[in-house]
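Colleague: Okay, handing you the structure first.
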Amino acid sequence: MGSPEFTVRKALASDVPHIQRLIRPYVERRILLGKDDVALYASIQQFRIAVGPDGTPIGCGALNVFWDDIAEVRTLALDEAWIRHGVGHRLLEGLEVDARALGIGRIFCLTFEVDFFTKHGYLEIGESVVSPEVYAELVRSTDEGVAEFLDLARVKPNTLGNTRMLKVLPDLS
Ligand SMILES: CC(C)(COP(=O)(O)OP(=O)(O)OC[C@H]1O[C@@H](n2cnc3c(N)ncnc32)[C@H](O)[C@@H]1OP(=O)(O)O)[C@@H](O)C(=O)NCCC(=O)NCCS
């Protein structure tokens, strides 16, 4: 039997309540960072949404640009009924298309799902992967995801047990 049908599209502003519904179980388990509605509306252009056969959102994921060559995949979450049906794969693929369109060459993620990301070409990283000059600029950000990327002491409780991973997008030219 094949996987049930779904499609992946760019997010609409009206998807925000669905994004909240999709991420809530993972936020409660401290797998994902929670976001206020106002932050989700402000970053809605970053999102792709997977929808099931009846049009209901069943998954979401976002690409947040850090600097001129690097972005983060964040807020990737599925309705539990849809796990392991290829939805995460398609969302990640879509976000990589968005990254290329922005001229981004490297994608970071902070995750417990090491096997899923390894299958998609992400490798575990240790130290900072940006120059000291870019680090000095990024440290000015108030974004929690940037702080996690930089591995700042104040966010260590959020990052416990997570793995820092990076993918260098292959050059298609
Ligand atoms: C991580 C997540 C997005 C994966 O999505 P998914 O739709 O279940 O994964 P897919 O069905 O697209 O799987 C793609 C491939 O990864 C593999 N895979 C997925 N999850 C895996 C896991 N936990 N362990 C091992 N392999 C895994 C699949 O077997 C598949 O491999 P194949 O192509 O060889 O068959 C989903 O499990 C999820 O929402 N998790 C909770 C939230 C989370 O941790 N998000 C990541 C934070 S950045």
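What follows is calculated from the coordinates using simple rules that are stated; it is not laboratory data. Everything numeric in this text was worked out from a predicted model, so none of it was measured. Using ideal geometry, Cβ is built from the backbone for each residue, glycine included, and neighbour counts are taken over all protein chains shown.
Colleague: Can you put V51, V73 in order, fewest other beta carbons within 10 Å first?
Modeller: The most exposed by this proxy come first: V51, V73.
Colleague: Also: List every residue whose amide H lies under 5 Å from the amide H of F66, counting only residues 5 or more places away in sequence or on a different chain, with H placed 1.01 Å from N in the peptide plane.
Modeller: Counting only residues 5 or more places away or on other chains, the set is A71, E72.
Colleague: State whether segment 80-133 is rounded, prolate or oblate according to the following rule on the C-alpha gyration tensor (a ≥ b ≥ c being the square roots of its eigenvalues): a/c under 1.5 gives rounded; otherwise a/b larger than b/c gives prolate, and the remaining case gives oblate. Spell out each step's value before the answer.
Modeller: Numbers: a/c = 3.00, a/b = 1.47, b/c = 2.04.
Oblate shape, in that a/c is at least 1.5 and b/c is the bigger or equal ratio.
Colleague: So if I take the alpha carbon set of segment 1-97, get Rg, then get Rh from the Kirkwood formula, what is the Rg over Rh ratio?
Modeller: On the way: Rg = 12.9 Å, Rh = 13.5 Å.
Using Cα coordinates only, the ratio equals 0.95.
Colleague: Oh, and also: Nearest 10 degrees, 0 to 90: what angle lies between the long axis of helix 87-101 and the longest principal axis of the chain (Cα atoms)?
Modeller: Rounded to the nearest ten degrees, it is 50.
Colleague: Helix-only mean residue ellipticity at 222 nm, the chain, DSSP H runs n ≥ 4 weighted -39,500 (n - 2.57), per residue, nearest 500. What is it? Walk me through the numbers on the way to the answer.
Modeller: Values: 7 runs with 58 residues, N = 173.
Mean residue ellipticity at 222 nm (helix-derived): -9000 deg cm²/dmol.
Colleague: Taking the number of other C-beta atoms within 10 Å as the exposure measure, put K167, K119 in order starting with the fewest. Intermediate results must be reported in sequence, preceding the final value.
Modeller: Details: K167 20, K119 12.
Fewest to most other Cβ atoms nearby, the residues stand as K119, K167.
Colleague: Rounded, prolate or oblate for segment 48-145? Axes are the square roots of the Cα gyration tensor eigenvalues, ordered a ≥ b ≥ c, and the cut-off for rounded is a/c under 1.5.
Modeller: prolate
Colleague: Roughly speaking, what is the centre-to-centre gap between segment 146-173 and segment 27-58 when only Cα atoms are used, to the nearest Å?
Modeller: Answer, in whole Å: 20.
Colleague: Two decimals, Cα atoms only, Kirkwood Rh: what is Rg/Rh over segment 109-173? The partial results should precede the final answer.
Modeller: Values: Rg = 13.0 Å, Rh = 13.0 Å.
Ratio of gyration radius to Kirkwood radius for segment 109-173: 1.00.
Colleague: As a footprinting exposure proxy, order T159, T142, T75 by other Cβ within 10 Å, with the fewest listed first. Intermediate values should be presented prior to the final figure.
Modeller: Details: T159 15, T142 6, T75 24.
If I rank by nearby Cβ atoms, fewest first, I get T142, T159, T75.
Colleague: Which three numbers, in whole Å and largest first, are the semi-axes of the equivalent ellipsoid of the chain derived from its Cα gyration tensor as √(5λ)? If you can, show how the numbers build up before the last one.
Modeller: Values: eigenvalues 129, 66, 51 Å².
Largest first, the chain gives 25, 18, 16 Å.
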